[in-house]
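**Student:** Following this message is one structure expressed as structure tokens.
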Amino acid sequence: MSIPNKKSMLILPAQVVAAVILLMAALMKFQGAPASILVFAELGMEPFGRYLVAVIELGAGLLLLSPYAAIGALFGVSVMMGAIIAHGTYLGIEVEGDGGRLFMMLIVVFVCSGYVLLTRRSELP
């Protein structure tokens with residue numbers, strides 16, 4: 001019986017954490033949560049942009065839970081880069097008095113997806 005290395009022990013939790021947050025975020029966007037509408041209205045992308053990002057987040061979350069996790073991680077990193085840029089240039093860290101929770105969750109997804117992407121990059125087509 002082989003002892004798993006630290007890298008392999010962290011990959012599954014990173015995939016699950018990123019996937020759960022992405023799937024929750026997609027659900028909130030599809031349901032039209034007031035914070036989601038506010039964010040995309042502020043960016044001038046409501047409602048088309050909100051639905052587009054929700055579809056990408058849904059796909060990334062599902063892919064992260066599949067054998068194609070590397071592709072899901074690539075989508076996760078990409079969509080979170082866009083969110084980081086939006087928060088850094090237009091929205092600010094705190095949105096609608098949330099104390100920066102939304103921003104912190106997107107950083108968690110970015111880091112987890114980035115770790116999955118770097119660890120599983122050999123699986124990319």
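The values are calculated or read from the model by the stated rules, or taken from the named source; none is laboratory data. These numbers were taken from a predicted model, which means no experiment stands behind them. Please note: Cβ atoms are built from the backbone with ideal geometry, for glycine as well, and neighbour counts cover all protein chains shown. Please note that ligands, DNA and RNA were not included when accessible areas were found on the heavy atoms of the full protein model with its side chains. Shrake-Rupley method; radii C 1.70, N 1.55, O 1.52, S 1.80 Å.
**Student:** Among what's in the range 59-75 and is touching a Leu at 6+ places or on another chain (Cβ under 7 Å) and either surrounded by fewer than 19 Cβ atoms within 10 Å (Cβ to Cβ) or among the small types (Gly, Ala, Ser) (or both), pick the residue that is farthest from Gln31 (Cα to Cα).
**Tutor:** Ala70
**Student:** Let me ask something additional. Considering only the range 50-103, how many residues are of a type in the set (D, E, K, R) and at positive phi?
**Tutor:** Summing the residues that are of a type in the set (D, E, K, R) and at positive phi in the range 50-103 gives 1.
**Student:** How many of the residues in the range 99-110 are in contact (Cβ under 8 Å) with a residue 40 or more places away in the chain and open to solvent by 30 Å² or more (accessible area, probe 1.4 Å)?
**Tutor:** The qualifying residues number 3.
**Student:** Here's another thing I want to ask about it. Considering only the range 37-56, state which residues are over 20 Å from Thr89 (Cβ atoms) and either β-branched (Val, Ile, Thr) or within 16 Å of the chain's Cα centre (by Cα) (or both).
**Tutor:** Scanning the range 37-56 gives Tyr51, Ala54, Val55.
**Student:** Which of the residues spanning the range 68-98 are at pLDDT below 95 and not small (Gly, Ala, Ser)?
**Tutor:** His87, Thr89, Tyr90, Leu91, Ile93, Glu94, Val95, Glu96, Asp98 - these are the residues of the range 68-98 that are at pLDDT below 95 and not small (Gly, Ala, Ser).
**Student:** Within the range 19-43, can you find the residues that are open to solvent by 70 Å² or more (accessible area, probe 1.4 Å), farther than 17 Å from Val109 by Cα and at pLDDT 95 or above?
**Tutor:** Phe30, Gln31
**Student:** Still on this structure, please answer the following. For the structure I just gave you, tell me whether Ile3 is at pLDDT below 95, of a type outside the set (Phe, Trp, Tyr) and open to solvent by less than 30 Å² (accessible area, probe 1.4 Å).
**Tutor:** Judged against the criteria, Ile3 is not a match.
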